[in-house]
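Notes follow once the structure below has been shown.
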Amino acid sequence: MTNVLLEKKGHYAVATINRPKALNALNSQVLEDLDELIGLVNADEEIRALVLTGAGEKAFVAGADIGEMSTLTKAEGEAFGKKGNDIFRKLETMPIPVIAAINGFALGGGCELSMSCDIRICADTAVFGQPEVGLGITPGFGGTQRLARLISPGMAKQLIYTARNIKADEALRIGLVNAIYPAAELMAAAEKMADTIAKNAPIAVRACKKAINEGLDADMDEALVIEEKLFGSCFETADQAEGMGAFLEKRKHEPYQNK
Ligand code: DAK
């Protein structure tokens, strides 16, 4: 992988989309490397949380690669959309939490990529938008669906129909990001959050992610059954025994073992 870098740091890892000369725009090669990255991280039991960011100081990801898309036929466009959608869905359903550390432009496919992550935090220099209708296309990597679910449908429609870019403070106000940091402090904040998550009981953290994601796609009765089953799955694990035992014995728990 040359277009996506992976650095392991104890029980969390940092992945960097690495095509800074094109503001990390998503061409086929970047998408394939992203797919490979997801496979590598999923296969590595030591990694309990992932931070995703963009190389350079200007961009998280400035969108799908416009040069590569410009000559697509209808059929090729649909295939390109499916390729991106399948990979973004794999990212969204990774067992471990993924934090998007948005260090600059997050436009089009870049905004959509961030919305496939569990948590979004950004630099004060970040810019968000779905500029697609200004280019003659629709958001094609899940933007019409995830933005409308994440913020209000009315605000999602306004952003998508107007193709207007917004700055970090507006993204915070509408709930697109959880927090804004001075650019120089963003990665430290993202890594601190990943480390905090990685220190909690991994089986429980993964169960929470699954419960929230699958529950949001179900009605409340089904969603509560999903929660009950995942709650049950945490019992009889070594980490549950240690976590509750430590509380009852009034001591700090030992590092969790992911067992
Ligand atoms: N694609 C390709 N190259 C890009 C790019 C992009 N999205 N964004 C930037 N670059 C390249 C520029 O061409 C330039 O390359 P060189 O000319 O140096 O070779 C280099 O990155 C630096 O960019 P600028 O010189 O433009 O830098 P500025 O600071 O002046 O401007 C900018 C930064 C982010 C405002 C500007 O680069 C910009 O407007 N970029 C395009 C942003 C954009 O419109 N993004 C959305 C792309 S559309 C679908 C599947 C997917 C999608 C839709 C449908 N289906 C198949 C249905 C997704 C669509 C999109 O994401």
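The values are calculated or read from the model by the stated rules, or taken from the named source; none is laboratory data. All figures in this text were calculated on a predicted structure; none of them were measured in a lab. Heads up, the Cβs are rebuilt from the backbone with ideal geometry, glycines too, and the neighbour counts pull from every protein chain shown. Note: areas computed on protein heavy atoms with side chains; ligands, DNA, RNA excluded. Shrake-Rupley method; radii C 1.70, N 1.55, O 1.52, S 1.80 Å.
A few remarks follow.
- Prolate/oblate/rounded call for region 1-79, Cα gyration tensor, a/c under 1.5 rounded: oblate
- Sequence of Met69, Met220 from largest to smallest accessible area, 1.4 Å probe: Met220, Met69
- Candidate lysines - alpha carbon under 21 Å from Lys192, same-chain residues fewer than 8 apart omitted: Lys8, Lys9, Lys209, Lys252
- Heavy-atom accessible area order for Ser152, Ser116, largest first, 1.4 Å probe: Ser152, Ser116
- Remark on Gly54: its backbone amide H falls under 5 Å from those of Ile17, Asn103, a criterion applied only to residues 5 or more positions apart or on other chains, H modelled at 1.01 Å from N.
- Positive-end ranking of Cys122, Leu150, Leu135 along the dipole of region 116-168, with charges on Cβ about the Cα centre, is headed by Leu150.
- Over the chain, dividing the summed -39,500 (n - 2.57) contributions of all DSSP H runs of at least 4 residues by the number of residues returns a 222 nm mean residue ellipticity of -15000 deg cm²/dmol.
- Straight-distance candidates among the aspartates and glutamates for linking to Lys83, with alpha-carbon spacing under 20 Å and chain neighbours fewer than 8 residues away dropped: Glu32, Asp33, Asp35, Glu36, Asp65, Glu68, Glu92, Glu112, Glu132.
- Dipole magnitude for the chain: computed about the Cα centre from +1 point charges on Lys and Arg Cβ and -1 point charges on Asp and Glu Cβ, it is near 540 debye.
- For the chain, the longest piece that avoids every one of the GluC sites (Glu not before Pro) found in DSSP loops with at most 14 other C-beta atoms within 10 Å covers 58-235.
- Accessible area in the full protein assembly, largest first, 1.4 Å probe, for Ser114, Ser70, Ser28, Ser233: Ser70, Ser233, Ser28, Ser114
- Local net charge near Lys8, Cβ-Cβ under 13 Å (Lys/Arg +1, Asp/Glu -1): -4
- Calculated log₁₀ intensity ratio I(q)/I(0) where the Debye formula runs over C-alpha points of region 124-221, q = 0.18 Å⁻¹: -1.04
- Accessible area (Å², per residue) of the chain, counting only protein heavy atoms and a probe of 1.4 Å: 51 Å²
- The Cβ shell under 11 Å around Ala64 holds other residues with a net charge of -3, Lys and Arg each +1, Asp and Glu each -1.
- Percentage, to the nearest whole number, of Cα pairs in the chain over 21 Å apart: 60 percent
- Solvent accessible area, Å² - Thr71, 1.4 Å probe, full protein context: 110 Å²
- The string of couplings for region 237-243 from the Karplus curve (6.51, -1.76, 1.60, θ = phi - 60°) is 9, 4, 5, 5, 4, 5, x Hz, one whole number per residue in order, with x for Gly and Pro.
- With all protein chains modelled, accessible area of Arg164 [1.4 Å, Å²]: 90 Å²
- Within the full protein context, the accessible area of Phe235 is estimated at about 80 Å² for a probe radius of 1.4 Å.
- Gyration tensor verdict on region 123-173 (Cα atoms; rounded if a/c is under 1.5, prolate if a/b is larger than b/c, oblate otherwise): oblate
- The chain - share of DSSP beta bridges that are antiparallel (%, nearest 5): 25 percent
- Rounded percent of accessible protein surface that carbon and sulfur make up, region 19-114, 1.4 Å probe: 54 percent
- Where the Cα pairs of region 177-259 fall when distances are cut into 5 Å bins, in %: 3, 13, 17, 16, 16, 15, 13, 6, 1
- To put it simply, the accessible area of region 182-229 at a 1.4 Å probe is 61 percent carbon and sulfur.
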